[in-house]
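Asker: Mind looking over this structure? Questions follow.
Here, each number is a calculation from the coordinates, and none is a lab measurement. This is a predicted model, so every value here is computed, not measured. Every residue, glycine among them, receives a Cβ derived from its backbone with ideal geometry; neighbour counts consider all protein chains shown.
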Amino acid sequence: METDVIIETRNLTKTYRDFWGRQKVRALSALDLKIYRGEIFGLLGPNGSGKTTTTKLLLGLLFPSSGEALVFNNPADDVSKNERIGYLPEESYLYKFLNAEETLDFYGRLFRLPTNVRRQRVRDLIEMVGLGWAKRRQLKEYSKGMTRRIGLAQALINDPELIIMDEPTTGLDPIGCREMKDLILDLKRQGKTILMCSHLLADVQDVCDRIGILYQGELKEMGRVSDLLQVRDVTDIQTTKLPPEAEAEIRRVVERFGGQVKSYGAPSASLEELFLKVVEEGKTHPGKRYQASEQATGDSKPFEANQKKEG
């Protein structure tokens, strides 16, 4: 339904020109996309691909050279829409002599939130981003990761329907990255629509429903993450408690149906999963070294190597 389209761009183009009006660089070229209510959309691309230009066009901070951008079915240059938007820029420019409570209260006043609502939002958001222990410290004493957290809280002070995030995990350690991604997923469960711009592919893969890939200002690919990442003509089968003698039988069955066994072994976890497990184990058992389980340490090895060992 058209009412479910939160962001729509039609042939959106932005060209930067020099003093004489000559074309200097085309930052965005004929972008067509739709972002629907309640989804997390990831806009990917290397530096200079047009991600930040796109967000500025959507926020009305830039005017397009041609085409149009619609937010809530209204032109992007309609500033009234910004009351329904939360924005987390790549660098949060906050007043360093204010503390967390004062910072959020200031932005709440800009949105003209009633006093009782504003105070409750400030308490809830500080708790949500995990800064309750530092809520009365001046922001100049915050680390980059802490500043990122209060920046997210500031973006949510008006309880927005649409949240635009530019590199949301910048400056965060692996634990902070995981917590930030969990917060993004929780916002989706609350019915929020999220546009997330990033060049950190693992972060986008973990949270996004659909992605668009920009390169040199052009949209090169778009679709659901699960569909785009699926490897065609490869079947992945996972089992438990399979005896070694079953390997030869599995190989014969696969070859009988015209297939080929390319590898055989235990799956491996991601480095992020290992890191988080080690830290969690360290919290539970201080002073004890982490011991990986046998399931986590199995190595994937070519099936042919196993066959030579048997022979």
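Asker: How far is helix 100-110 tilted, in degrees, relative to the longest principal axis of the Cα atoms in the chain, given as a value from 0 to 90 rounded to the nearest 10?
Answerer: The helix 100-110 is inclined about 50 degrees to the chain.
Asker: Next question, about the same structure. Could you please state, rounded to a whole Å, how far the C-alpha centre of the stretch 205-237 is from the C-alpha centre of the stretch 1-69?
Answerer: Cα centroid to Cα centroid, the span is 20 Å.
Asker: Which length gain, in nm to one decimal place, applies between VAL117 and ALA30 when the Cα-Cα distance is subtracted from 0.36 nm times their residue separation?
Answerer: Gain on stretching VAL117 to ALA30: 27.1 nm.
Asker: Let me know the shape class of the stretch 1-73, please: from the alpha-carbon gyration tensor, a ≥ b ≥ c as square roots of the eigenvalues, rounded when a/c is under 1.5, otherwise prolate if a/b is greater than b/c, or oblate.
Answerer: prolate
Asker: First check a/c for the stretch 28-69, with a ≥ b ≥ c the square roots of the eigenvalues of its C-alpha gyration tensor; if it is under 1.5, answer rounded, and if not, answer prolate when a/b is larger than b/c or oblate otherwise.
Answerer: It comes out oblate by the Cα gyration axes.
Asker: To the nearest 20 debye, what charge dipole does the stretch 1-157 have about its Cα centre, counting +1 at the Cβ of each Lys and Arg and -1 at the Cβ of each Asp and Glu?
Answerer: 560
Asker: Hey, what number do you get for the chain at 222 nm if only DSSP H runs of n ≥ 4 count, each worth -39500 (n - 2.57), divided across all residues, to the nearest 500?
Answerer: When only DSSP H runs of four or more count, the value is -10500 deg cm²/dmol.
Asker: Along the positive direction of the dipole of the stretch 2-229 (beta-carbon charges: Lys, Arg +1; Asp, Glu -1; about the Cα centre), which of LEU201, VAL225, TYR87 reaches farthest?
Answerer: After comparing all options, I get TYR87.
Asker: Can you tell which of ALA248, ALA76, ALA155 shows the greatest fluctuation in a Gaussian network model of the chain with Cα springs below 10 Å?
Answerer: ALA248
Asker: Which angle between 0 and 90 degrees, to the nearest 10, do you get for helix 144-155 versus the longest principal axis of the chain when only C-alpha atoms count?
Answerer: The two axes meet at around 60 degrees.
Asker: Just in the stretch 19-77: which chymotrypsin sites (Phe, Trp or Tyr not before Pro) are loop by DSSP and have at most 15 other Cβ atoms within 10 Å?
Answerer: In loop regions of the stretch 19-77 (DSSP not H, G, I, E or B), the sparsely surrounded chymotrypsin sites (Phe, Trp or Tyr not before Pro) are PHE19, TRP20.
Asker: How much length is gained if the chain between GLU90 and TYR16 is pulled fully straight, taking 0.36 nm per residue apart and subtracting their Cα-Cα distance, in nm to one decimal?
Answerer: 24.5 nm
Asker: Take the chain, mark every one of the trypsin sites (Lys or Arg not before Pro) that falls in a DSSP loop and has at most 12 other Cβ within 10 Å, then report the longest stretch left between them, sites excluded.
Answerer: Looking at the chain, 137-231 is the longest stretch - no exposed trypsin sites (Lys or Arg not before Pro) with at most 12 other Cβ atoms within 10 Å.
Asker: Relative to the first principal axis of the alpha-carbon coordinates of the chain, what is the inclination of helix 115-128, with its axis defined by its Cα atoms, in degrees from 0 to 90 and to the nearest 10?
Answerer: Helix 115-128 and the main axis of the chain meet at about 20 degrees.
Asker: If you look at just the Cα atoms of the stretch 2-229, how large are its Rg and its Dmax in Å?
Answerer: Cα only, the stretch 2-229: 17.8, 54 Å (Rg, Dmax).
Asker: So which of LYS56/LYS188; LYS14/LYS51; LYS144/LYS181; LYS56/LYS81 end up more than 19 Å apart by C-alpha?
Answerer: LYS56/LYS188
Asker: Here's a follow-up. Given charges of +1 on the Cβ of Lys and Arg and -1 on the Cβ of Asp and Glu, with all other atoms neutral, how large is the dipole of the chain about its Cα centre, in debye to the nearest 20?
Answerer: 820
Asker: Still on this structure, please answer the following. Using a 10 angstrom cutoff on alpha carbons, build the Gaussian network for the chain and name the most mobile of GLU91, GLU281, GLU127.
Answerer: Evaluated over the chain, the most mobile residue of the options is GLU281.
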